[in-house]
């Protein structure tokens, strides 16, 4: 009424043209809804791209520019704290390592803070964002009018995989979590509590099986980066390997070690299987074998050209050893699925900063940047080239010479840059002998020894995924979500566990990997000896690809390995007999790392716990034990 | 009738319109003698007229003359403390970039824009920065609308208060009144942070390294005492960069006059305001500039009586502003770097004549000032209003038709010449000595390159159009007086970055009745809609009602010699507040963002996701205000006004995260669910003696506003003090400082003894801060952060004004104070309080740091070169009482009439912001001495009137 009175006055007093009823109408344009997106194939591709963006990540940190490598949580990496806490703190790494992790400072990577929208539930909420997007794609893709059924089935397969992958991500942090397989609606009450480990594993496996039926064997190169059937088999294999491992499938003799990470009652189903079963190792072995057996049809094989070692100072692909080539050669045949997220896209603005900064290495940035210090505790996991164990002497007079003379596993030299090494990336100034040393004997500090915490002289810098070939371009990197070597090692591990000792087939798969690396075969080991060997092999082969954190957890070794003093090598310039600069070195302390047993399962963020849906709705709020 | 309409439509079409009905409505209302006493006005000026007729409302009107008391470059900064209920939060001191933030009665929403005071100029809404560049000499009056009766007519846009500027208009005068004003002011810095000299810096740095277990960096700190050693410099960066004084000057010329048919006011003003940068043009005027702001204002206000019944008003303001700043830095960057660069970092100029630099401090301020070019910002402002009034006495006596149209816009563009040249770092060895090459020459490392760019573009623009038309009725029958108005209004607003125009459409009405000037009754309401809301929810109705009783007109008081005037007022009503940051929330949109790279050619595919779930009931924030007031005048000289208010803001937008499980993956939309309560009062008292030769006055005002969040979606917390609910908006929360960890708290291996609280933030060492463990769990974490102090926005604002006039002399002084304010040095003065971390400099703040020797007297934690998350938690160690008092203005003038032709000549000397009293050691409380400093000014002025 008043509205029309208003209009009437305006109509009367001004003119008939200017008083249109629509003055306050929002102009058309701009609104794209879920319905319009799933109308055409072209539009639907946008939603699918977002699903990939949220779901397929491997262990690659994403989001804020301050996240370090996932290895920051383990013994594989030390980033100077507090000097580089800006680079450390994104996932609460320093808090974690000091043993002070809490519900609101857990280390779930989630998706970081700098995103285009807000989320409920902290980092955990981001996993469910991806799950929701996958569920939306899965439910709505049939609405597309201009696509055939094969294409729709393919998309459904990708959506099922994405849903499964993000459930796995949650599972590996928290144990049993709420399972969500439909896009939930806001109407009415919804209540999804934590599911048991068994249900979560069964669901993921079920979705993977379904995805296998829907997905194609191979894809054209224009679709490189998309999920294939082999990727679904790979995810199933990894989940079943985890499920068979002692953290979830706990043999009686290991229960005591985990007692403070368990409730000791029926609630433990969200943490582990109620009863140990060796058959789970059989399932894990079969799933890994399925990946191996299906690899050829997908065009996937171990990348082995017979070139075990990288040529010193090389800056070409041809000069790289096979192991180093696996992450440098774009789309090489060993890769099953990569996260292209950081590759030459525009998703993060300057996309390549992901490699340059997140996984920043001092040599990668040459001057600016954070050193990825390798602790000697991790260095000593590398065998000598003859297959014997290696222990670092307390000090030495000439680091680059000493390091070469240690004659370690060639993979060591392809993973770590060290003071005095000749490093060559053809672009710009990233070229020359690496100067990490502190000044002495009249020599000033090496140019790369400076850091936010002052000159440190720390001598080892991990440079896996650091550009040096192809004119220092980062474009060829894509994070390996799955590569075939992992499943060779998974298969060997599962067989050894299931058969209580290695067989010829078991040796074959570990030695295929060692052969490629230029290491001698393993042989003649008993169950425990092989277990140690395969665990070490996995640690070395997959170093800095994100596996160490979960491997230590599932082996129930984290509380042994990570309660430790991490130490490093520091170099100081000394004047040699001929007046030249020599890098004398000694072992220096990094930090004392603490790993309480309750760390085996991450705590849920308090704000989610307080909503009281995780637990039984009564006495138990759903939080993991000890938190 | 027909004829009249033709006339009106002709007027409308030719665009001869403007001035709101509110403004127009009020002027004809005769102000009762008793009420006239209530106005705050100066002796010279008695023309300031209240713009609203609701005599029951809480409004405050300040004469424009008061704004001439301060010599600042920004008109808004002259409002400091002068209007009770208006909090003016000072911005930077940088010429041209010094807008303050305004609040009415504190704040009542956690959405920033929900507290934004709406600005009107001559009856039409304008942007804040349309006001900042006006000259105080063109302002007739400023009125603050505070309560429901005053604000409900503004409907959706009135929720945070309205500040109404009225410019000077022409007057009937047989002689043209020509006035020239000239002011020239010398400004000087109120306060700069005190940093260490090179020797003290390097010795303390060494100490910090030793505390960290690291070797010292400066083996020979004595070298830094020499002052002339380029390898061990001692540079006072503030001195290198800044002059002691800068100038501010303005000049204007105005013409005012008119007859029955035409009246006019024309003003031209020129202002020139320079900054503090020293020797900016030392190399060439193309390479560097001092900060400089100058502007030219032109105003033409014309009132025309076209016929017996038709009058037309036109107001035009045109302003151009030019702001020059160095292209090498922003003021914030510069002052951060002046503060953080140690005296020992590098010499301004190396021994070989090149610019000095270092890798850790890659910012040579002098080089950047003198060599890196000029950023020139140019602003054009144009505001035009036209309005007409057609008396419709033909229909019924007292009825009038009014209409108006306004265009208000601003464009800001920039032109930049930016250069860079390399600087050279002296290569030093581990002993802090220069490295020499084989020939014994100093080895330099080049930093930076040569570059040159020239570019230009738009910084911002906005444009607002308003059209309004309405009817007005004023008539008295015997003892009953009726005033009524009905106004229809449309407004649209566009600016850079705004995809859809902001559009409003409103019908507002008001009705006032009084009986015998004793019983007052007001009703006002508006029916106001915005394009931001869904059809069906688009319009809101905002009613208000007010009652007044003038006791002094009752027989029992009318003969009193003591009480001249006494009025009681009460109003109640609702206003709304829409917010341009939250629009169209009733729709769910898909949103772009995220994506994926596929294919061997690395083709990136953009992503789309569903947008936030729609909020079907999306609406505005509503404020319900109750206001009680008393106006009193006793003994003809002492006047007082008291307003008590209680307001409740409901529908504050927030995401209801606290209730929805994370597993849903929902992106939640903002809902109108939050609530804040706000209560307080304003008191103003004035004593004025105008009858005697020694005329004098004393005025005091006090305003208090305390808010409390009463409803907010928050995760469940174990302790009440962790919620923001039941506390103030922006209430500080922090750890309670409990002294420093002492060596006795640790065992021989450096492990904390059992029973000593540990920190979740860092591994603590002796000399780190210890805090009270509020929840008693033995670990200091976020659960131990308790409410502390107040918020940064003060709860109390005080004003004291006194002055006299005797013979030719006049004197005026104004003192402003704020209380119940807390500031955090951690938030606002981080560089100042954190030596060495992030390569920061050291200041006097951390002089007395913890060492085993000073364990009992230390006032700062152990020095360290590393950041320390434990010590960097918000805590009462960092919080300070932010109360301050400032002598905003003091002025002494003398007026003489030497020449017959001149009406008068006045010379005066003025001081602006001369004295500050506060409780913070070594820092100025208002801005904590950070950023471009605040300035005091001493000004000489001359006014000639003829």
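For this structure, a couple of remarks:
- Residue match in the stretch A:563-574 (condition: within 14 Å of another protein chain (Cβ to nearest Cβ) and either farther than 26 Å from residue A:458 by Cβ or assigned to a loop (DSSP other than H, G, I, E, B) (or both)): no
- Counting residues in the stretch B:428-436 that are more than 11 Å from chain A (Cβ to nearest Cβ) and more than 23 Å from residue B:373 (Cβ to Cβ) gives zero.
- Residue within the stretch B:85-108 that is in a helix (DSSP H, G or I), at pLDDT below 90 and surrounded by 24 or more Cβ atoms within 10 Å (Cβ to Cβ) present: no
- Screening the candidates A:213, A:154, A:206 for the property of being within 14 Å of chain B (Cβ to nearest Cβ) and in a helix (DSSP H, G or I) yields one hit, A:154.
- When the stretch A:490-511 is filtered for residues that are surrounded by fewer than 18 Cβ atoms within 10 Å (Cβ to Cβ) and more than 14 Å from residue A:282 (Cα to Cα), the ones remaining, listed by number, are A:503, A:504, A:505, A:508.
- For the stretch B:681-698, the count of residues that are within 14 Å of chain A (Cβ to nearest Cβ) and farther than 30 Å from residue B:809 by Cβ is zero.
- Checklist (1) more than 28 Å from residue B:370 (Cα to Cα); (2) over 37 Å from the mean Cα position of the chain (by Cα); (3) without any contact (Cβ under 8 Å) to a residue 60 or more places away in the chain applied to residue B:409, failing item: (2)
- Taking (1) facing another protein chain (nearest Cβ under 7 Å); (2) modelled with pLDDT of 65 or more; (3) more than 30 Å from residue A:157 (Cα to Cα) in turn, residue A:73 satisfies each apart from (1).
- Residue A:61 vs. criteria modelled with pLDDT of 80 or more, more than 13 Å from chain B (Cβ to nearest Cβ) and either touching a strand residue (DSSP E or B) at 6+ places or on another chain (Cβ under 8 Å) or under 19 Å from residue A:165 (Cβ atoms) (or both): no
- Of the residues examined, residue A:533 is one that is outside any strand (DSSP E or B) and surrounded by 18 or more Cβ atoms within 10 Å (Cβ to Cβ).
- Hits in the stretch B:909-933 - residues which are more than 19 Å from residue B:844 (Cβ to Cβ) and touching a residue at least 60 places away in the same chain (Cβ under 8 Å): B:910, B:912, B:913, B:926, B:932
- Count - residues of the stretch B:500-520 that are more than 11 Å from every other protein chain (Cβ to nearest Cβ) and without any contact (Cβ under 8 Å) to a residue 60 or more places away in the chain: 6
- Residue A:369 meets the conditions (1) within 14 Å of another protein chain (Cβ to nearest Cβ); (2) more than 29 Å from residue A:591 (Cα to Cα); (3) at pLDDT below 85 in every case but one. The failed one is (2).
- Meets criteria (touching a residue at least 60 places away in the same chain (Cβ under 8 Å) and part of a helix (DSSP H, G or I)) for residue A:243: no
- Leading residue by the ranking (surrounded by the fewest Cβ atoms within 10 Å (Cβ to Cβ)) among those in the stretch B:725-762 that are in a loop (DSSP other than H, G, I, E, B), in contact with a strand residue (DSSP E or B) (Cβ under 9 Å, 6 or more places away or on another chain) and within 14 Å of chain A (Cβ to nearest Cβ): B:757
- Residue A:509 meets all of the listed conditions (1) within 30 Å of residue A:98 (Cα to Cα); (2) in a helix (DSSP H, G or I) but one, namely (1).
- Remark: residue A:129 matches the filter, which requires a residue to be modelled with pLDDT of 85 or more and either out of contact with any strand residue (DSSP E or B) (no Cβ under 6 Å at 6 or more places or on another chain) or more than 12 Å from chain B (Cβ to nearest Cβ) (or both).
- Qualifying position, being more than 14 Å from every other protein chain (Cβ to nearest Cβ) and either crowded, with 21+ Cβ neighbours inside 10 Å or in contact with a helix residue (DSSP H, G or I) (Cβ under 8 Å, 6 or more places away or on another chain) (or both), among B:540, B:529, B:497, B:573: B:573
- Which listed residue is within 11 Å of chain B (Cβ to nearest Cβ), over 28 Å from residue B:583 (Cβ atoms), modelled with pLDDT of 85 or more and in a loop (DSSP other than H, G, I, E, B), from A:48, A:80: A:80
- Scanning the stretch A:512-530 for residues that are part of a loop (DSSP other than H, G, I, E, B) and under 17 Å from residue A:491 (Cβ atoms) turns up A:521, A:522, A:525.
- Which numbered condition residue B:480 fails, given (1) modelled with pLDDT of 95 or more; (2) surrounded by fewer than 18 Cβ atoms within 10 Å (Cβ to Cβ): (1)
- Strands (runs of 3 or more DSSP E) contained entirely in the stretch B:579-691, each with at least 1 residues that are surrounded by fewer than 19 Cβ atoms within 10 Å (Cβ to Cβ), in contact with a helix residue (DSSP H, G or I) (Cβ under 8 Å, 6 or more places away or on another chain) and at pLDDT 85 or above: B:621-634
- Residues (more than 12 Å from chain B (Cβ to nearest Cβ) and surrounded by 16 or more Cβ atoms within 10 Å (Cβ to Cβ)) located in the stretch A:607-619: A:615
- Flag if residue A:304 is assigned to a loop (DSSP other than H, G, I, E, B) and under 30 Å from residue A:599 (Cβ atoms): no
- Matching option when the condition is in a strand (DSSP E or B) and either within 14 Å of chain A (Cβ to nearest Cβ) or closer than 21 Å to residue A:98 by Cβ (or both), among B:770, B:765: B:770
- Taking the numbered list (1) out of contact with any strand residue (DSSP E or B) (no Cβ under 7 Å at 6 or more places or on another chain); (2) in a strand (DSSP E or B) in turn, residue B:317 passes all entries but (1).
- Residue A:227 satisfies every condition listed in (1) under 29 Å from residue A:281 (Cβ atoms); (2) in contact with a strand residue (DSSP E or B) (Cβ under 8 Å, 6 or more places away or on another chain); (3) in a helix (DSSP H, G or I) except (3).
- Of the numbered criteria (1) buried (at least 21 other Cβ atoms within 10 Å of the Cβ); (2) under 24 Å from residue B:416 (Cβ atoms); (3) at pLDDT 95 or above, the one residue B:328 fails is (3).
- You will find that of A:303, A:248, the residue that is closer than 25 Å to residue A:327 by Cα and either crowded, with 16+ Cβ neighbours inside 10 Å or modelled with pLDDT under 95 (or both) is A:303 and no other.
The values are calculated or read from the model by the stated rules, or taken from the named source; none is laboratory data. Just so it is clear, the structure is predicted and the values come from calculations on it, not from any experiment. Backbone-built Cβ (ideal geometry, glycine too); neighbour counts: all protein chains shown.
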